[in-house]
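The values are calculated or read from the model by the stated rules, or taken from the named source; none is laboratory data. Quick caveat, the model's predicted, so the values are computed rather than measured. All Cβ positions, glycine included, derive from the backbone under ideal geometry; neighbour counts span all protein chains shown.
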Amino acid sequence: MNAIKILAAGMGFFAATLGAGQTLADQTHVAVAANFTGAAKEIAAAFHEKTGHVAVLSFGSTGQLYTQITQDAPFQILLAADSVRPKKAIDDDLAVTDSRFTYAIGKLVLWSKTAGLVKGVETLKGAAFAKLAICNPAAAPYGVAAVEAMKSLGVFDPLQEKLVQGADITQAFQFVYSGNAELGFVALSQLTGESGGSRWMVPQDLYTPIRQDAVLLKKGADSAAAAAFMVFLRGPEARAIIEKYGYAFDSDS
């Protein structure tokens with residue numbers, strides 16, 4: 001499995017218990033789209049604190065994770081960066097019917113670590129930079145959104161030779177963060193705690209809404225921990241964390 005596996009809040013979760021004198025907590029294996037990394041870690045920690053269950057998180061592009069699911073990876077839940085793969089999982093009999101729901105709506109940002117570089121549309125049209133990072137649109141929905149936005153603005157063709165692609169949104173972010181690209185299209189959630197540089201919130205009418213759906217996979221159909229995580233993800237504690245990371249919901253997107 002290529003996705004990085006990480007326990008939600010550290011090695012202590014391997015021995016997590018429901019409390020004094022109680023039995024070892026159950027685990028659920030959750031495949032998580034890379035853009036949701038920070039939020040997922042916090043949600044998993046809050047989930048453990050409330051329920052005693054452990055969420056074992058694996059991160060990657062939605063396309064990469066879905067390929068692993070089709071190859072019998074042990075995931076019980078998919079938190080995708082789109083609505084297409086969760087629906088396909090149901091259609092392909094890999095997920096539980098009627099378990100799919102939108103847990104967040106992502107927002108696309110053009111970002112640079114250089115103050116004053118990103119000023120909006122004119123930055124893209126002026127093209128006074130050598131490299132622009134995006135994530136692979138074949139595997140990552142945020143890459144699809146970036147391409148759609150550039151096409152909507154009429155800058156995709158002239159900028160193609162400047163594009164550098166990351167395998168997922170995490171790698172696209174790292175290209176910009178490390179300086180290997182002067183700017184790039186990243187998820188707003190990745191900029192939580194990043195106050196420097198310059199950014200432009202890409203208007204959401206320039207790209208198809210990034211509806212991020214969750215679905216319970218067949219491998220988790222009989223798991224109490226998986227069922228509990230799906231319920232927790234829709235609850236107020238998880239929603240507060242999701243909002244903190246800049247995501248929208250159906251009611252306010």
* To do: Please tell me if ALA8 is buried (at least 18 other Cβ atoms within 10 Å of the Cβ), modelled with pLDDT under 95 and more than 15 Å from LYS218 (Cβ to Cβ).
  => yes
* Qualifying positions in the range 106-127 - under 16 Å from ALA149 (Cα atoms) and of a type in the set (A, V, I, L, M) -> LEU108, VAL109, LEU110, VAL118, VAL121, LEU124, ALA127
* Asked: Can you tell me which residues in the range 220-253 are out of contact with any helix residue (DSSP H, G or I) (no Cβ under 6 Å at 6 or more places or on another chain), part of a helix (DSSP H, G or I), over 20 Å from THR37 (Cβ atoms) and touching a residue at least 24 places away in the same chain (Cβ under 8 Å)?
  -> ALA224, ALA225
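Does PHE173 qualify as being closer than 30 Å to ASP250 by Cβ, in a strand (DSSP E or B) and either of a type in the set (A, V, I, L, M) or modelled with pLDDT of 95 or more (or both)?
no
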* So PHE36 fits all but one of (1) crowded, with 19+ Cβ neighbours inside 10 Å; (2) touching a Phe, Trp or Tyr at 6+ places or on another chain (Cβ under 7 Å); what number is the exception? -> (2)
* Structure fact -> Contact list, first residue from the range 151-172 and among the hydroxyl-bearing types (Ser, Thr, Tyr), second anywhere and not in a helix (DSSP H, G or I), beta-carbon distance below 8 Å, six or more apart or interchain, is SER152/TYR207; THR170/PHE59
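Matching residues to (1) surrounded by fewer than 17 Cβ atoms within 10 Å (Cβ to Cβ); (2) in the same structural domain as CYS135 (by TED's automatic domain parsing); (3) more than 18 Å from ALA33 (Cα to Cα):
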{"site": "THR51", "(1), (2), (3)": "no, no, yes"}
{"site": "SER58", "(1), (2), (3)": "no, no, no"}
{"site": "SER61", "(1), (2), (3)": "no, no, no"}
{"site": "TYR66", "(1), (2), (3)": "no, no, no"}
{"site": "ILE69", "(1), (2), (3)": "no, no, no"}
{"site": "THR97", "(1), (2), (3)": "yes, no, yes"}
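In the range 87-98, is there at least one residue being out of contact with any Cys (no Cβ under 9 Å at 6 or more places or on another chain), at pLDDT 95 or above and under 22 Å from TYR245 (Cα atoms)? Working first, answer last.
Looking only at the range 87-98, we keep the residues that are out of contact with any Cys (no Cβ under 9 Å at 6 or more places or on another chain), and these are 87-98.
When the remaining residues are screened for being at pLDDT 95 or above, the result is 87-98.
Checking the rest, the ones that are also under 22 Å from TYR245 (Cα atoms) come to none.
So far as the range 87-98 goes, no, none of its residues is out of contact with any Cys (no Cβ under 9 Å at 6 or more places or on another chain), at pLDDT 95 or above and under 22 Å from TYR245 (Cα atoms).
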